[in-house]
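Participant: After the structure tokens below, expect a handful of questions from me.
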Amino acid sequence: MARLADRRADGRFPPARKRFGQHFLEAAWVTKLVDAVRPHPDDTFLEIGPGRGALTRALAPRVGRILAVEIDRDLAASLEAEGVPNLQVVTADVLEVDLGALLESERLPARAIGNLPYNVASPILFRLLDAADEGRRLTDATVMLQKEVADRLAARPGDDAYGALAIQAALLADVERLLTLPPGAFRPPPKVMSAVVRLTFRPPVVDVGDRATFEKVVRGVFLQRRKTLANAFRPVAEAFGRSAAEVIDQAALNPRARPETLTVEEFGRLCRAVL
Ligand code: SAM
């Protein structure tokens, strides 16, 4: 019953839709999040998933313009109807829409914010890393995530949570944790803890040659994260028609190292050597 009540419409809005990962932020936390973003009157923001507009309404008076992309037609229409003067609502799936084209006529670089739908948070993060264009289109993104995903994103070499997500993010962004939130910060409350992370976009920290290869190498090696680099990398090297031992040697890496201890620079060397 309690869960049903949480998801019920409050009169102005339809009930929260599970399939869109809707967990709306409570007012006390909206202020904390918007303050953490340090908005500036000249800023243009891309907001992902404005929902019922909690963040949007708090941010709008403090920035130049907001472009908000919302997949839920009903919520997008309600927000649009409020007539916030510096807000444009775009009804679209952020995973489908061309963010470059959307931001083309905006004052760039813009910034991004979003209390992300947790079911598609990782693909949205990858879209943002791409769309940022090394900081030229987006300078930074402040995003609410499931805490476990935030841990994986902000992890450092040697941490338990360190893996493909941290390495791919570290290639193109500095990652900073800002806040941790309990389930009660949202209506309806999610089953997990949440955390806010800021990504500050920049050019790649290392030349990896080809980004698609880098992704294949990193993901492939982490499929066997507890093995030695020599063993974990063998299937990846073979897929490129190479010998793992030769490539590791060429990259000047220790074949007995564990993948989870390798820095983004070291993965960059491995990637260039395999090509
Ligand atoms: N920003 C609001 C808040 O903090 O209260 C809502 C956050 S809610 C966790 C996530 C929002 O993202 C929902 O409004 C949902 O409809 C929207 N959403 C889900 N998937 C989306 C997608 N693929 N593209 C754009 N918006 C999406």
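Participant: Considering each residue of region 212-235, count those that are of a type outside the set (A, V, I, L, M) and touching a residue at least 40 places away in the same chain (Cβ under 8 Å), and give that number.
Facilitator: 6
Participant: Also, I was wondering about something else. Out of the helices (runs of 4 or more DSSP H) lying entirely within region 115-178, which hold 2 or more residues that are assigned by TED's automatic domain parsing to the domain that holds F20 and over 11 Å from the mean Cα position of the chain (by Cα)?
Facilitator: Answer list for region 115-178: 147-154, 164-172.
Participant: Further, regarding this structure: Looking at A112, is it under 11 Å from L46 (Cα atoms) and either within 12 Å of the ligand (Cβ to nearest atom) or touching a residue at least 12 places away in the same chain (Cβ under 8 Å) (or both)?
Facilitator: yes
Participant: Could you look through region 5-54, keep only residues that are away from the ligand (no atom under 12 Å from the Cβ), of a type in the set (A, V, I, L, M) and more than 25 Å from L128 (Cα to Cα), and pick out the one that is modelled with the highest pLDDT?
Facilitator: Restricting to residues being away from the ligand (no atom under 12 Å from the Cβ), of a type in the set (A, V, I, L, M) and more than 25 Å from L128 (Cα to Cα), the top hit is A28.
Participant: Here's something else I'd like to know. Considering region 130-145 alone, what residues qualify as being surrounded by 20 or more Cβ atoms within 10 Å (Cβ to Cβ) and either under 21 Å from P188 (Cα atoms) or away from the ligand (no atom under 15 Å from the Cβ) (or both)?
Facilitator: Matches in region 130-145: A132, R137, L138, D140, V143, M144, L145.
Participant: Given the options P203, P189, P259, P235, name the one that is closer than 28 Å to L178 by Cα and loosely packed, with under 14 Cβ neighbours inside 10 Å.
Facilitator: P203
Participant: Could you tell me which numbered condition V63 fails, if it satisfies all but one of (1) open to solvent by less than 30 Å² (accessible area, probe 1.4 Å); (2) within 14 Å of the ligand (Cβ to nearest atom)?
Facilitator: Of everything listed in (1) open to solvent by less than 30 Å² (accessible area, probe 1.4 Å); (2) within 14 Å of the ligand (Cβ to nearest atom), V63 misses just condition (2).
Participant: If a residue must be open to solvent by less than 10 Å² (accessible area, probe 1.4 Å) and over 21 Å from S122 (Cα atoms), how many such residues does region 68-98 contain?
Facilitator: Of the residues in that region, 3 qualify.
Participant: Kindly check whether there is at least one residue in region 219-231 that is open to solvent by less than 20 Å² (accessible area, probe 1.4 Å), farther than 24 Å from A121 by Cα and not small (G, A, S).
Facilitator: Taking every residue of region 219-231 in turn, at least one turns out to be open to solvent by less than 20 Å² (accessible area, probe 1.4 Å), farther than 24 Å from A121 by Cα and not small (G, A, S).
Participant: Still on this structure, I have one more. From (1) free of Cβ contacts under 8 Å to residues at least 40 places away in the same chain; (2) within 12 Å of the ligand (Cβ to nearest atom), pick out the condition that doesn't hold for E82.
Facilitator: Failing condition for E82: (2).
The values are calculated or read from the model by the stated rules, or taken from the named source; none is laboratory data. None of these values were measured; they are calculated from a predicted model. For neighbour counting, all protein chains shown are included, and Cβ atoms are generated from backbone atoms with ideal geometry for every residue, glycine included. Only protein heavy atoms, including side chains, enter the accessible area calculation; ligands, DNA and RNA are left aside. Shrake-Rupley method; radii C 1.70, N 1.55, O 1.52, S 1.80 Å.
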